[in-house]
Amino acid sequence: MEEQNSGEDGETRKLEDNWRRSNKSRVETSKTAANQEENGQVKKDTTLAAKDNKNPQFYLHDLPMTDSLVRISNEKIANAYLEAGKIYSDRISDKPKAVESFENLLKRFPGNELEPEALYYSYLVYKEENNPISETYRQRLLEKHPDNEFSRIISDPDYYAKKLEDVKKVEKLYQEAYEAYISENFINAISLCDNAISLYSKHELVPKFLLLRAYCVARTSDERTFKEELNKLI
């Protein structure tokens, strides 16, 4: 009798376990369906709210709510301050508003990558008016960003002329390398590309030299070497 009861208890436990698993599965399925329905309703409500200017969500749904979105938003604001300052200075000739825009950028986003440019244009605005404050901006720019492009422009009056000359040299080198490639003089083209990359490593045409060099390698070497050259470019 005890053995029978023991067997019955075992069967009961199996049935209970099966029921629990089955019931758990139904509950989870119901939860999933409820969540999907709720998410769908939330999405629907959010979409409707985005069109209803009397609903708070209308004003909140585009706000940056994550660190990355806030960073992107700040970059846009900083750039807007800079561009507004340029417009006030160059097109509207409202120098006080120009400086105000530049100062808003400098105060609100200290250390931003646009800081050197804002300091430089503030310097120009005051310099045009022979205002001694221009020297303050000049010193701030040179002290905080000595290696920046705008610091070089202030330090060397001939900087632009030298840079323009370099640009012409690089463009001429590229044209020569490209013509060598078209003429299937690949060894010479590679040599010209190497020379340009070595002399003007930071120039904006360097990626083009790298690509042209890769094309030359593709015509003179194997597929593996070609891929290596492309990876250098990437």
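The values are calculated or read from the model by the stated rules, or taken from the named source; none is laboratory data. The structure displayed is predicted, hence computed values, not measured ones. Cβ: placed from backbone, ideal geometry, glycine included. Neighbour counts: every protein chain shown.
Note on segment 129-165: among residues that are free of Cβ contacts under 8 Å to residues at least 24 places away in the same chain and among the acidic types (D, E), the one that is farthest from N112 (Cα to Cα) is E165.
Taking segment 95-116 as the range and being surrounded by 14 or more Cβ atoms within 10 Å (Cβ to Cβ) and not in a helix (DSSP H, G or I) as the test, the residues that pass are F109, N112, L114.
T32 - would you say it is modelled with pLDDT under 80, surrounded by 11 or more Cβ atoms within 10 Å (Cβ to Cβ) and of a type in the set (S, T, Y)? No; evaluated as a whole, the condition is false for this residue. Among the conditions (1) under 24 Å from R152 (Cα atoms); (2) surrounded by 16 or more Cβ atoms within 10 Å (Cβ to Cβ); (3) more than 22 Å from the chain's Cα centre (by Cα), Y88 misses just one, which is (1).
Yes/no matrix, rows are residues, columns are (1) out of contact with any Lys or Arg (no Cβ under 8 Å at 6 or more places or on another chain); (2) under 30 Å from R213 (Cα atoms):
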site	(1), (2)
S101	yes, no
Y120	yes, no
Y123	no, no
Q139	yes, no
F150	yes, no
S155	yes, no
Y160	yes, yes
Y181	yes, yes
A189	no, yes
